[in-house]
Each structure stands twice: as structure tokens, then as C-alpha cells.
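Worksheet: the structure to be examined is printed underneath.
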Amino acid sequence: MNTVSTVGNPDYDGPIAMLDDVTRLFAGSPQVLALRGVNLRIERGDYLAIIGPSGSGKSTMLNTLGLLDRPSTGTYYFEGINTSELADDDRAALRGEAIGFVFQSFHLMPKRTVLENVMLAGTYAGRNRAEREERARQALKRVGLQHRVNFYPTTLSGGERQRVAIARAIANEPRLLLADEPTGNLDRRNSELIMELFAELGASGLTIVMITHDSHVAEAAQKQVRIADGLLTELT
Ligand SMILES: Nc1ncnc2c1ncn2[C@@H]1O[C@H](COP(=O)(O)OP(=O)(O)O)[C@@H](O)[C@H]1O
Ligand SMILES: [Mg+2]
């Protein structure tokens with residue numbers, strides 16, 4: 001297998017991600033304490049849903065887990081590595097090699113084809129074009145969109161767009177898949193299809209953290225945690 005790991009620790013057998021008393025304070029007036037001392041342990045292979053109402057700190061927590069944001073106090077360990085000790089370029093390299101993201105609004109490039117959108121996932125890892133194309137095609141097959149590779153996102157349904165975004169997120173074989181309200185823009189039928197896809201990915205061993213305000217969606221995950229006003233409570 002071709003491994004390009006440079007920063008992470010894929011063989012680490014402890015929790016893949018661990019938040020230790022993490023706070024996040026947004027400065028301003030008024031200042032907002034979005035996370036108030038969060039402790040969370042995510043094991044490899046977990047499929048975890050974080051449920052909470054709007055403004056409860058879900059996206060802040062997911063951005064922290066995804067190395068897009070930093071704790072104000074406390075520590076985030078990824079694969080045993082204290083991420084606050086990483087230089088910015090190592091954080092970016094670790095994010096690129098190990099973490100995939102799916103967002104509510106898909107974040108696809110409208111002027112690029114489905115295949116091109118998914119191929120962009122491989123750029124960070126320094127893979128060549130042929131390898132990125134092969135991985136992109138495989139990922140699109142995995143989400144059932146091999147017949148849409150040359151389409152443009154604007155010609156696809158919302159559910160199909162989200163499947164493209166999921167293909168992009170998994171094309172690089174991340175070790176942690178993070179999803180921020182992935183069904184938030186979808187109708188019920190498409191939400192169900194996306195939840196089935198996440199369940200399949202979870203069953204295949206991928207570690208998934210999904211945030212949602214919808215307890216029906218959260219029930220599809222293997223574990224659930226609730227967040228309210230920047231604090232977690234474990235449900236199961
Ligand atoms: N960049 C920011 N600057 C200031 N306040 C922010 C910022 N991001 C989030 N917040 C505040 O932090 C709280 C939690 O936000 P967020 O994590 O986005 O919640 P959720 O995703 O659960 O809706 C909210 O009160 C929000 O207004
Ligand atoms: Mg949010």
C-alpha cells in the first residue's frame with residue numbers, strides 16, 4: 001500500500017482523537033465561550049453523532065477536531081500527538097493526510113466536473129494526477145456515482161451533490177471523517193440515502209464524527225453524545 005504519512009501516527013492504538021478539557025473563547029463584545037471544558041475520546045472505528053441545537057458549539061467542536069480551529073485552553077490529541085505542539089504546516093499536512101470533511105452546503109466547485117471535484121482531494125497528499133484520478137473514480141463508485149463523473153454539480157440533485165462531497169472526503173482514504181450537518185440541506189428521502197452511505201462507511205471501519213440537530217439522523221450512528229451550551233453529555 002502506498003502510504004504518504006509524514007506527520008500522523010496511523011499505527012497508534014490509543015484513541016484516534018481526544019479532547020482534554022477543551023475551551024474555545026471567541027473574543028469580541030460580547031465574547032462567546034463556545035466550548036466550556038469538553039472532554040471526548042473517539043476510538044478508531046467509532047461512528048459518533050454529536051447532537052445539539054443551533055449555537056451549542058457543534059461546528060466549533062468539529063472544526064477543532066478537524067484542525068481548522070485551535071482550543072483556547074485544554075489539549076487536542078490526534079493519534080496521540082499533542083496538536084498544539086505542531087507547527088502550522090504540520091497541522092495542515094496532518095489534516096490533508098488524515099481527515100476528510102463533509103459540509104451541509106456541499107462546497108463543490110460549480111465549474112469543475114464531478115470527477116475533477118473529487119480529484120482535488122488528492123492534491124494535499126502530493127499524489128500524481130493518474131493516481132488521483134484512479135482514487136477519485138473508486139470513491140465515486142463507492143458512493144454510487146460512477147455514471148455521473150463528467151456531470152457538473154449544478155446538474156445534480158442535492159443528494160447526489162452530497163454524495164460527490166462524500167466521495168471527495170474519502171478519496172484520500174482519511175482516518176477520520178468529519179461531517180457538519182450533512183443532511184441539513186436535503187429532503188427526507190435524500191437524507192436517508194446519505195445516512196445509509198455513512199452507515200456503510202462506518203461498517204467498513206472508517207471513524208466518523210457527524211454533527212446534527214436532528215435526533216432521527218443521530219440515531220443512525222453507533223454512539224451519540226449531546227452538546228448544549230458548549231458542554232457535552234454522553235447519552236450512550
Ligand atoms: N468566529 C466566531 N466568532 C464569534 N463567535 C462565534 C464564532 N463562531 C461561532 N461563534 C459563536 O459560538 C457559539 C457556537 O457556535 P457554533 O459552534 O457555530 O454552533 P452550532 O454549530 O452548534 O450552531 C455561537 O454562540 C456562535 O455565535
Ligand atoms: Mg454549526
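The values are calculated or read from the model by the stated rules, or taken from the named source; none is laboratory data. It should be emphasised that the depicted structure is a prediction, and the values quoted were computed from it without experimental measurement. All Cβ positions, even for glycine, are placed from backbone atoms using ideal geometry, and neighbour counts span all protein chains on display.
Summary of values
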item: Of all residues making up the range 55-90, the number that are within 16 Å of ligand 2 (Cβ to nearest atom), farther than 22 Å from Lys223 by Cβ and among the polar types (S, T, N, Q); result: 0
item: Options Phe106, Phe101: the member that is crowded, with 19+ Cβ neighbours inside 10 Å, part of a loop (DSSP other than H, G, I, E, B) and not charged (D, E, K, R); result: Phe106
item: Matching residues, the range 177-223, being among the β-branched types (Val, Ile, Thr) and assigned to a loop (DSSP other than H, G, I, E, B); result: Thr183
item: Any hit, the range 180-188, residues being buried (at least 19 other Cβ atoms within 10 Å of the Cβ) and away from ligand 1 (no atom under 16 Å from the Cβ); result: yes
item: Output for the range 9-56, where each listed residue is within 21 Å of Glu173 (Cα to Cα), surrounded by 15 or more Cβ atoms within 10 Å (Cβ to Cβ) and either within 16 Å of ligand 1 (Cβ to nearest atom) or acidic (Asp, Glu) (or both); result: Asp46, Leu48, Ala49
item: Complete set of residues in the range 23-67 that are touching a residue at least 40 places away in the same chain (Cβ under 8 Å), part of a strand (DSSP E or B) and within 16 Å of Val225 (Cα to Cα); result: Leu35, Arg36, Gly37, Val38, Asn39, Leu40, Ile42, Tyr47, Leu48, Ala49, Ile50, Ile51
item: Output for the range 66-97, where each listed residue is away from ligand 1 (no atom under 12 Å from the Cβ) and within 19 Å of Ile211 (Cα to Cα); result: Gly66, Leu67, Arg70, Pro71, Tyr76, Phe78, Arg95
item: Test: residue in the range 205-216 that is surrounded by fewer than 18 Cβ atoms within 10 Å (Cβ to Cβ) and among the hydrophobic types (A, V, I, L, M, F, W, C); result: no
item: Counted residues, the range 69-83 - those being at negative phi and assigned to a strand (DSSP E or B); result: 7
item: When residues of the range 109-132 are limited to those that are outside any helix (DSSP H, G or I) and modelled with pLDDT under 95, the one surrounded by the most Cβ atoms within 10 Å (Cβ to Cβ); result: Ala125
item: Matching option when the condition is touching a Pro at 6+ places or on another chain (Cβ under 9 Å), buried (at least 17 other Cβ atoms within 10 Å of the Cβ) and in a helix (DSSP H, G or I), among Arg135, Arg95, Arg161; result: Arg161
